[in-house]
1. Here is a list of conditions, (1) in a helix (DSSP H, G or I); (2) surrounded by fewer than 16 Cβ atoms within 10 Å (Cβ to Cβ); (3) not hydroxyl-bearing (Ser, Thr, Tyr), and Ala204 meets all of them except one; can you say which number that is?
2. Report yes if some residue within the range 57-66 is touching a residue at least 40 places away in the same chain (Cβ under 8 Å) and β-branched (Val, Ile, Thr); otherwise report no.
3. Only one of these conditions is not met by Asp262: (1) part of a loop (DSSP other than H, G, I, E, B); (2) touching a Ser or Thr at 6+ places or on another chain (Cβ under 8 Å); (3) among the acidic types (Asp, Glu). Which number is it?
4. Among the residues in the range 51-71, are any among the acidic types (Asp, Glu), over 30 Å from Ala281 (Cβ atoms) and touching a strand residue (DSSP E or B) at 6+ places or on another chain (Cβ under 8 Å)?
5. Of all the residues that make up the range 221-242, how many are over 20 Å from the mean Cα position of the chain (by Cα) and either in contact (Cβ under 8 Å) with a residue 60 or more places away in the chain or assigned to a helix (DSSP H, G or I) (or both)?
6. Just name the residue that is nearest to the chain's Cα centre (by Cα) out of those in the range 21-57 that are more than 25 Å from Ala132 (Cβ to Cβ) and buried (at least 24 other Cβ atoms within 10 Å of the Cβ).
7. For the range 226-284, which positions are under 20 Å from Phe133 (Cβ atoms) and small (Gly, Ala, Ser)?
8. Any idea how many residues of the range 134-154 are over 23 Å from Gln271 (Cβ atoms) and surrounded by 16 or more Cβ atoms within 10 Å (Cβ to Cβ)?
Amino acid sequence: MAISPLLGERRYAPVPAGTIEYRERGSGRPLVFVHGVGVNGDLWRHVAPPLADAGCRCICPDLPWGAHSRPLAPGTDLSLPGMARIVDDFLRELGVTDAVIVANDTGGAVAQWLVGHHGARVGTLVLTSCDAFEKFPPTPQRYLLVAGRSRALMWLVGWTVRFKLVQRLPTAYGWVTKAAMPPEIMRSFTTPVRTIPGVRADLAALLRAADSKDTFAAADALPAFDRPALVLWAADDKIFPLEHGRRLAGLLPQGEFRTIPDSRTFIPEDQPAALVEAIRAFLG
């Protein structure tokens, strides 16, 4: 699971799909951080701690999107609606209400479905650069749709992504950050899919279920979320177009749109201080 001790104490939450591991720090209004495929709570290691110190309860789960350590129950629905249901079950298990959902990458698509269909426990939404509309999965990763149908190909993906040269390719993590992430963080992200067969099976199931009809349906439901919403897009994003961010903000009745300069998709990695400041200002 996430290795960053500054994220707080390691905890476990049982949900119908299995067990979600998470770290929690601080007290106050709950901020729940929803990451994307191929990463875990370590993505937020520079964002959650300062927000916790500012008076928030920061909850960083290792969601079962391929960099988790506890495989899910066989047959778990890992379509976009199923992923959102897992997050909703997680919120319910923790007794979280009036949550601020902060989401990135695939987690942003999950958050869109969550607020449109299971939004009762969500009070505020913060979307950062993320999958939306036809970009699910985004173009550089579409080969994974084929890999997800073959155990051998999934094993190959898991084995090769341990190498830095592969990690910096556009088909892996190369376009999500401007500079390579620290080796220990990349090991946190890539070791489970290589070493835990159940994690590979979960990721393969997620890939087989990926369908852009679900992201379009998620966007169609956003007008139902008439609560504060902030859409922050990386100004230098090479994967998700700025226009998608503007469209998402326009669909949210209280949506605001801003850009974060000098960043690619993983804003929590490239510009964590700017992201923290934007969230703090938005929350007042």
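The values are calculated or read from the model by the stated rules, or taken from the named source; none is laboratory data. The structure displayed is predicted, hence computed values, not measured ones. Here the Cβ is made from the backbone with ideal geometry for all residues, glycine too, and neighbour counts use every protein chain on show.
1. Ala204 satisfies all of (1) in a helix (DSSP H, G or I); (2) surrounded by fewer than 16 Cβ atoms within 10 Å (Cβ to Cβ); (3) not hydroxyl-bearing (Ser, Thr, Tyr) except (2).
2. Looking through the range 57-66, none of the residues is touching a residue at least 40 places away in the same chain (Cβ under 8 Å) and β-branched (Val, Ile, Thr).
3. Among (1) part of a loop (DSSP other than H, G, I, E, B); (2) touching a Ser or Thr at 6+ places or on another chain (Cβ under 8 Å); (3) among the acidic types (Asp, Glu), the lone unmet condition for Asp262 is (2).
4. no
5. Within the range 221-242, residues that are over 20 Å from the mean Cα position of the chain (by Cα) and either in contact (Cβ under 8 Å) with a residue 60 or more places away in the chain or assigned to a helix (DSSP H, G or I) (or both) number 3.
6. Tyr22
7. Ala229, Ala234, Ala235, Gly245, Ala249, Gly250, Gly255
8. Of the residues in the range 134-154, 6 are over 23 Å from Gln271 (Cβ atoms) and surrounded by 16 or more Cβ atoms within 10 Å (Cβ to Cβ).
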